[in-house]
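Below is one structure, written out as structure tokens; comments come after it.
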Amino acid sequence: DPARGALEGRRMWGTVLAGLVLLAAAPPRAPRAKVIVRFPDAAPATAAAHAARHMANAPNRSVLSVRHRYVGSFHGFAGELSAKGVAHFEALGATVIENTRVAMSSIVWGIDRIDQASLPLDNDYTVNNHGEGTHIYILDTGINSAHVEFTGRVGNGYDFVDNDSNPEDCDGHGTHVAAIAAGRTVGVARAATIHAVRVLDCTGAGDFADVLAGLQWVADQSESKKVASLSLSGDHNAPIDSVVGKFVTNGLPIVVAAGNNGEDACNYSPASEASVITVGASEDDDDCAIYTNAGTCVDIIAPGTRISSAYIGGTSKYTVLSGTSMACPHVTGVAAQVLSQSAGTLTPAQVWSVINSAAVLNKLSDSTEIGARPGRNSPNKLLQIVSNLNPSPPPSPPSPPSPPPSPFPPPSPPSPPPSPPSPPSDSLRIEIDPDNHPEDTSWLLLMGEDKSWVITESYQLLANDISTKDWTIPVSTGSYRWMILDAFGDGICCSYGIGAYRLYLNNVLIRSGGRFTNNYAEAFTVNMPFPPPTPPPPSPPTFAPAPPPPSVNQLAKDAAGQVKDLWARLLAHNLTTVEWVIVSAVTLSTMAILVSACAGTYRCCKRRRAAKAVQEAAIPRRRTGSFTVSVDASPNNASPLASERQMASSPPVQRLHQAAYALPPIRRITPRLGDMSDVPVRVAARQPAQPADLPPTESPAGLPHTESSTSNPPEYAKNLSEDQGARRSSSSVVSERVEPAHDSEFPEYDPRNYGA
């Protein structure tokens, strides 16, 4: 019944909702504490009895479980207690100790390796210099500032990718690097302040413009003890190296990754810059990594393979990465140690001198992996930490002793005239190869900043300047902008000839080209680190290496671990009230969905059965029955059997049989039976029965009839003979209706039941 099914569904959902309401309104379970209870010392003979008595006298449901019983060195037990149980045993004078978790002790192998000169590792990191008072600037993808490794030690930062002050990490690489340098448990300088400078996007890529802007921002900060860490690498670019070197010259120590190409580090920037500290990577067996760049441009090697450190995705998320990006922050942390223990301000050269002196030599082996290029252990110099070191700047040489004063000093000669100022040592060289119309080309050199620019030099090419023109202009400290203009608006290449221009600052090419429209401007600085010269478009720096995406197996393991942890806390009844409500709601909702699905399936099957029953009732069923044919024969008809045969074989009777199966409501039949022409025929349905002496042959409609043979007369012929006297009438034609009998006479008669 659909109505009943709907009612059952409403009752089911009402029960589910009522259960959810009761669950939400139920008070939370009493907190369960995993504890170790130590009873006061007693005589060994009575201690066990006293402990059993104390436990037996505990309030009801206060001792929730007992895991261990202790008898011997001390008496007590370990288990779970409610708040009443804790109060009960404390009132008895017992010591209730929280049963905390323990785990295998393990130190990240990278920091373990740099605090000892030789293998094997001692699973310890002992240092009394944690980089207090120093500032580490991580130029990377940002950091996960909420991670427990950085609690209370995150300083100001900047995002040069999105141009805002929120340098949060969306890749994970920067967080991993920062924790190696200064993480609370996995870092080298664990008391240093960390600053995130985001110069790479969420895919770990960026451009040198953002990197240089980030270095300028770091240089502008007021801290005196700071170091910059760049775990990034790009194709070799001499102007970029030159600009990075300016920051080092101005007092900013910079540590960079050598790169993960397995090649010569001199082919990559900024690793090829001589003034920075370039770091290669080693493995936990002191073999150098197959991927590390090496060579004369590498200054030192540090652990970089399979380093565990902080990551994004949570406040306590960790992962394992490999690369020179992981080796670089080890050196950055040691540089912070050097700065922390310095009494004064150290130059980048002095910081490197201390790190270089502390390193151990000839401990590294070349990579033995298949396909490794020889020389991965160049230089053979392994990083070591620096503790309790107080380097000071080298003392100035003592001044020579002054001569004894003479009693009558001679008059001093007149001072010589001041010497003329020395010419500036920086120069700008301009070379132009004009096109077919040199008279359209001119250039300007401006000096200043922002909107205050002053033209210092200019030149208009003439129509006969068809060969290469060059100019050498002395420049002093400041910011400059050089502009080339074309009056026709098609540049100097390549509509009307192939022209080009080249700019050299101190004989270093900083820009070349020829394709522009009306004008092109090139900005550069002299003896100033920013704004930098615009280099040729470099390939974006890449990480070393980019963190691989988690595998399906790793995701499955993480999910299984979370489910296992939730299940353990569920069994231990350590879930919060909100977690209990959520778990219960999910469970009840799942059960409700299953019950609803079963109920829907049941109702669907029930409706199908009902529809099938209705369909079967609509199809007419065959039903057999016997018919009695009564014929009022005239007295001249001496042979009832012959009359019967004539009647059965006559077309009217056959039509009568067909009409009985078609079941018309009313049909008038006038039988004509030869010489029995005026005999009325009445057909009546009787109870279904199969006479025992029916002839073997039946009509197509299932009605009995006789063939033209001398077989025994059927039963209904006997009835016909017996009824002749009572049914005899006049010879006039009598027409009767053949119609169904009334229910009172034939209660089982139903025309629809007489099918074929």
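Okay, here's what the table says:
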read-out	value
Cα gyration tensor category, rounded, prolate or oblate, for region 201-343 with a/c compared to 1.5	rounded
³J(HN,Hα) computed for each position of region 125-137 - Karplus, 6.51 cos²θ - 1.76 cosθ + 1.60, integer Hz, glycine/proline x	10, 10, 7, 10, 10, 9, x, 4, x, 9, 10, 10, 9
Accessible carbon and sulfur surface of region 70-184 relative to its total accessible area, %, 1.4 Å	52
Theoretical gain in end-to-end length, Ala209 to Ser589 [0.36 nm per residue, Cα-Cα removed]	131.3 nm
Separation in nanometres of the label points that stand 7 Å from Cα toward Cβ, at Glu98 and Glu439	9.0
Note, ³J(HN,Hα) from phi for region 305-321, Karplus 6.51, -1.76, 1.60, rounded to Hz, x at Gly and Pro	9, 6, 9, 8, 7, 5, 8, 8, x, x, 7, 9, 8, 10, 8, 10, 10
Share of pairwise Cα separations in region 139-223, more than 19 Å, in percent	32
Lys363 accessible area, 1.4 Å probe, all protein chains in place, Å² to nearest 10	80
Listed peptides 589-597, 332-340 by packing density, highest first (mean Cβ within 10 Å)	332-340, 589-597
C-alpha center-to-center spacing [region 214-260, region 175-202] in angstrom	16
FRET efficiency, 1/(1 + (r/R0)^6) with R0 45 Å, evaluated for Gln562 and Thr249 via beta carbons	0.30
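The values are calculated or read from the model by the stated rules, or taken from the named source; none is laboratory data. Remember, it's a predicted structure, so these values are computed and weren't measured experimentally. Cβ sites come from the backbone with ideal geometry, for glycine too, and all protein chains shown count toward neighbours. Side chains are part of the model used for accessible areas, which takes the heavy atoms of the whole protein and leaves out ligands, DNA and RNA. Shrake-Rupley method; radii C 1.70, N 1.55, O 1.52, S 1.80 Å.
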